[in-house]
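For reference, the structure discussed in these notes is given below.
The values are calculated or read from the model by the stated rules, or taken from the named source; none is laboratory data. As the structure is a computational prediction, the values presented were derived from the model and not from experiment. Virtual Cβ from ideal backbone geometry, glycine too; neighbours counted across all protein chains shown. Heads up: the accessible areas ignore ligands, DNA and RNA and are worked out on the full protein's heavy atoms, side chains in. Shrake-Rupley method; radii C 1.70, N 1.55, O 1.52, S 1.80 Å.
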Amino acid sequence: MTDYKMEAAIAASKIIANGQTIGLGAGTTIAHLVKLIGKDCKFTSSSFNTINLLREHGLTVLSPSSLKKIDIYFDGCDQFDAELNALKSGGGIHTKEKILASMADQFILLGDAGKFVPQLNYPLVIEILPQALQVVRERLSVDFPDASLVLRMSNQKDGPVISDHGNFLLDVTFTKLPALAGLNTHIKMIPGVVDHSLFYRMAAKAIIAGENGIQVIMPIYPA
Ligand SMILES: O=C(CO)[C@H](O)[C@H](O)COP(=O)(O)O
């Protein structure tokens with residue numbers, strides 16, 4: 001059976017040029033890409049696992065805090081739509097991922113064709129300062145009364161998952177995702193919210209692989 005994530009990673013590896021600074025996110029498609037890299041580049045990553053993999057492959061890893069910009073940021077996602085709005089909820093590291101995506105000349109989404117959906121319907125995750133959990137929950141339950149709000153719990157220890165920044169993660173499932181432009185700013189403006197997992201109109205292109213081969217998708221914004 002064809003490994004479509006590997007196919008997408010192979011296509012992505014051909015874009016990388018010697019001397020570039022490359023940012024990498026998390027997940028299985030990115031792990032394939034790390035194994036394929038044959039260029040003399042510098043790397044940075046938002047992911048503990050990806051950093052370890054880069055080091056195992058003898059690649060140069062820089063701290064994101066030492067950089068102002070990067071040439072390309074490649075990352076997977078849970079879902080994306082025709083505007084290349086992406087939900088990156090599962091990994092719980094969207095805050096760092098969004099910073100790297102914003103630093104890149106090009107943010108390129110990678111994955112199998114199943115990630116491309118007509119309408120996003122995956123849960124949104126919100127990173128919240130612990131002291132603001134109750135007030136943010138209350139605000140969300142008033143503003144989005146139909147949404148289910150679930151504090152992400154650890155299955156490896158007692159208590160909630162703690163983010164890389166010492167915060168909580170709240171998974172928000174909407175019956176229907178509200179209009180994305182408004183949702184993007186509305187959630188971000190709630191005091192106590194660090195960031196949410198909707199990457200609104202940030203990606204420059206998506207490279208996906210499926211039954212029809214490799215597709216490079218550019219964002220289409222309505223007039
Ligand atoms: O955004 C993410 C998690 O929130 C990851 O990048 C995504 O899940 C990776 O997917 P895959 O393992 O299919 O490459």
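None of I208, I187 is surrounded by 14 or more Cβ atoms within 10 Å (Cβ to Cβ) and in the same structural domain as F74 (by TED's automatic domain parsing) except I208.
Residues in the stretch 169-181 that are open to solvent by 40 Å² or more (accessible area, probe 1.4 Å) and not in a loop (DSSP other than H, G, I, E, B) were compared, and the one that is farthest from L149 (Cα to Cα) is A181. Out of the stretch 102-114, which residues are within 11 Å of the ligand (Cβ to nearest atom) and touching a Phe, Trp or Tyr at 6+ places or on another chain (Cβ under 6 Å)? L109, L110, D112, listed by residue number. The number of residues in the stretch 69-103 being open to solvent by 20 Å² or more (accessible area, probe 1.4 Å) and in contact with an Asp or Glu (Cβ under 8 Å, 6 or more places away or on another chain) comes to 7.
The rows are residues; the columns are (1) over 28 Å from F116 (Cα atoms); (2) assigned by TED's automatic domain parsing to the domain that holds S163; (3) of a type in the set (D, E); (4) modelled with pLDDT of 95 or more.
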{"position": "T50", "(1), (2), (3), (4)": "no, no, no, yes"}
{"position": "L67", "(1), (2), (3), (4)": "yes, no, no, yes"}
{"position": "D71", "(1), (2), (3), (4)": "no, no, yes, yes"}
{"position": "G76", "(1), (2), (3), (4)": "no, no, no, yes"}
{"position": "D81", "(1), (2), (3), (4)": "no, no, yes, yes"}
{"position": "N85", "(1), (2), (3), (4)": "no, no, no, yes"}
{"position": "K88", "(1), (2), (3), (4)": "no, no, no, yes"}
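The rows are residues; the columns are (1) of a type in the set (K, R); (2) within 16 Å of the ligand (Cβ to nearest atom); (3) in contact (Cβ under 8 Å) with a residue 60 or more places away in the chain.
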{"residue": "F168", "(1), (2), (3)": "no, no, no"}
{"residue": "T173", "(1), (2), (3)": "no, yes, no"}
{"residue": "A179", "(1), (2), (3)": "no, no, no"}
{"residue": "T185", "(1), (2), (3)": "no, no, no"}
{"residue": "A209", "(1), (2), (3)": "no, yes, yes"}
{"residue": "N212", "(1), (2), (3)": "no, no, yes"}
{"residue": "I220", "(1), (2), (3)": "no, no, yes"}
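Taken over the stretch 35-50, the residue count meeting the criterion of being open to solvent by 40 Å² or more (accessible area, probe 1.4 Å) and not aromatic (F, W, Y) is 7.
Within the stretch 7-21, the set of residues being in contact (Cβ under 8 Å) with a residue 60 or more places away in the chain and open to solvent by 10 Å² or more (accessible area, probe 1.4 Å) comprises E7, A11, I15. Quick check on the stretch 22-29. Is at least one of its residues touching a residue at least 40 places away in the same chain (Cβ under 8 Å), in a helix (DSSP H, G or I) and away from the ligand (no atom under 15 Å from the Cβ)? Scanning the stretch 22-29, I find no residue that is touching a residue at least 40 places away in the same chain (Cβ under 8 Å), in a helix (DSSP H, G or I) and away from the ligand (no atom under 15 Å from the Cβ), so the answer is no.
Taking the stated definitions as given, is E56 more than 16 Å from the ligand (Cβ to nearest atom), of a type outside the set (A, V, I, L, M) and under 23 Å from A204 (Cα atoms)? Lay out the reasoning, then the answer.
On the way: more than 16 Å from the ligand (Cβ to nearest atom): yes; of a type outside the set (A, V, I, L, M): yes; under 23 Å from A204 (Cα atoms): no.
No; evaluated as a whole, the condition is false for this residue.
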